[in-house]
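Q: This structure is in structure tokens; I'll ask about it shortly.
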Amino acid sequence: AQALVADANAQIAKRQIRAPFNGKITEKFFENGEIVSSQSKVLEIISEAKYEITANVPESDIAKIKLDQIASLTLDAYDDNTPFEAKVTKINPAAKEIEGVPVYEVTLNFVEASSLIKSGMTANLDILTNKTSDKLAIPLRAVENGYVKVPDQENEKGYSRVKVETGLVGTDGFIEVKSGLKEGDTIITYIEEENE
């Protein structure tokens, strides 16, 4: 009798749909009483937990990505004045190819929940891989092959070249200068060539 009860419970369990996580049903594809095959999609559910983002990082950049790094991001649904933060929570060690380029899937979780975030949105993100403060920085376009131009009236060109040691490159178009210049130095970022 116990075996029959266990079998009956097992049959009932097979006819129940259980979600693997807490969430909200967003779409139902069948009504009560309809016959459904085992391969049919019955429901769509979105999680009530914090949303996550998956990003494909090319192999040239993946070595810079570490767990717990913070990313600043915007969502295409909103303007750039609505920023969000996310943290790197998983890095897939296996590569996959997209258009012939090896990429690694990186998963990030939003730091704070927000009612503005919806499932399926497209995100644009910058992952902070390194940072520095109180350093001298100049426009990246001013550096040419490790040199910058500085005004020099004694030179017939009106400038001379100074070798600089550079460091981190920022997302704002500036680059760190470790040596070769000091605060207050004047540099030339652009020279308009005269045509004869």
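Q: Kindly provide the GluC sites (Glu not before Pro) of region 105-184 that DSSP labels as loop, not H, G, I, E or B, and whose Cβ sees at most 11 other Cβ atoms within 10 Å.
A: Values: sites: Glu105, Glu112, Glu144, Glu154, Glu156, Glu165, Glu176, Glu183; in loops: Glu112, Glu154, Glu156, Glu183.
Of the GluC sites (Glu not before Pro), the ones in loops of region 105-184 whose Cβ has at most 11 other Cβ atoms within 10 Å are Glu112, Glu154, Glu156, Glu183.
Q: In region 3-87, carbon and sulfur make up what percent of the accessible area (probe 1.4 Å)? Mind dumping the intermediate values first?
A: Values: 3430 of 6730 Å².
Summing carbon and sulfur atoms, their accessible area is 51 percent of the total for region 3-87.
Q: Also: Find the accessible area per residue for the chain; the probe is 1.4 Å, ligands and nucleic acids are left out, and the unit is Å². Before the final figure, lay out the partial values.
A: Working: 15090 Å² over 196 residues.
Per residue, the chain has 77 Å² of solvent-accessible surface.
Q: Another one. Filter the trypsin sites (Lys or Arg not before Pro) in region 34-125 down to the DSSP loop ones having no more than 12 other Cβ atoms within 10 Å, then list what survives. Spell out each step's value before the answer.
A: Numbers: sites: Lys41, Lys50, Lys64, Lys66, Lys87, Lys90, Lys96, Lys118; in loops: Lys41, Lys50, Lys64, Lys66, Lys118.
Taking region 34-125 and a limit of 12 other Cβ atoms within 10 Å, the loop trypsin sites (Lys or Arg not before Pro) found are Lys41, Lys64, Lys66, Lys118.
Q: If you don't mind, another one. Are there GluC sites (Glu not before Pro) in region 1-77 that DSSP puts in a loop and that have at most 12 other Cβ atoms within 10 Å, and which ones?
A: When the GluC sites (Glu not before Pro) of region 1-77 are filtered for loop state and at most 12 Cβ neighbours within 10 Å, Glu31, Glu34, Glu48 remain.
Q: Suppose only helical runs count, i.e. DSSP H with n ≥ 4. What mean residue ellipticity at 222 nm does that imply for the chain under -39500 (n - 2.57) per run, divided by all residues and rounded to the nearest 500 deg cm²/dmol?
A: Values: 2 runs with 17 residues, N = 196.
Only helices count here, giving -2500 deg cm²/dmol.
Q: Another one. Expressed as a whole percent, how much of the Cα-Cα distance distribution for the chain exceeds 29 Å? Don't jump to the answer; show the numbers that get you there.
A: Working: 10616 of 19110 pairs.
Counting pairs separated by more than 29 Å, the tail of P(r) holds 56 percent.
Q: Same structure, new question: Not counting the cut sites, what is the longest span of the chain without chymotrypsin sites (Phe, Trp or Tyr not before Pro) that DSSP labels loop and that have at most 11 other Cβ atoms within 10 Å? Can you show the working numbers first?
A: Working: sites that count: Phe21, Phe29, Tyr190.
Of all site-free stretches, the longest is 30-189.
Q: Compute the relative contact order of the chain as a whole-number percentage, counting only Cα pairs closer than 8 Å that sit 6 or more residues apart in sequence. Intermediate results must be reported in sequence, preceding the final value.
A: Values: 279 pairs, mean separation 29.5, N = 196.
In percent, rounded to a whole number, it is 15.
Q: Something else now. Using the structure shown, list the pairs from Lys24/Lys66; Lys64/Lys135; Lys64/Lys178; Lys24/Lys96; Lys96/Lys135; Lys66/Lys135 with a Cα-Cα distance above 27 Å, or answer none. Before the final figure, lay out each step's value.
A: Values: Lys24/Lys66 32 Å; Lys64/Lys135 21 Å; Lys64/Lys178 21 Å; Lys24/Lys96 31 Å; Lys96/Lys135 38 Å; Lys66/Lys135 24 Å.
Beyond 27 Å between Cα atoms: Lys24/Lys66; Lys24/Lys96; Lys96/Lys135.
Q: Output the Cα-based Rg and Dmax of region 105-188 in Å, rounding Rg to one decimal and Dmax to a whole number.
A: According to the Cα coordinates of region 105-188, Rg and Dmax are 19.6, 63 Å.
The values are calculated or read from the model by the stated rules, or taken from the named source; none is laboratory data. Worth saying up front: this structure is predicted, and the values here are computed from it rather than measured. Glycine gets a Cβ as well: all are built from the backbone with ideal geometry, and neighbour counts include every protein chain shown. What goes into the accessible areas is simple: the full protein's heavy atoms, side chains included, and nothing from ligands, DNA or RNA. Shrake-Rupley method; radii C 1.70, N 1.55, O 1.52, S 1.80 Å.
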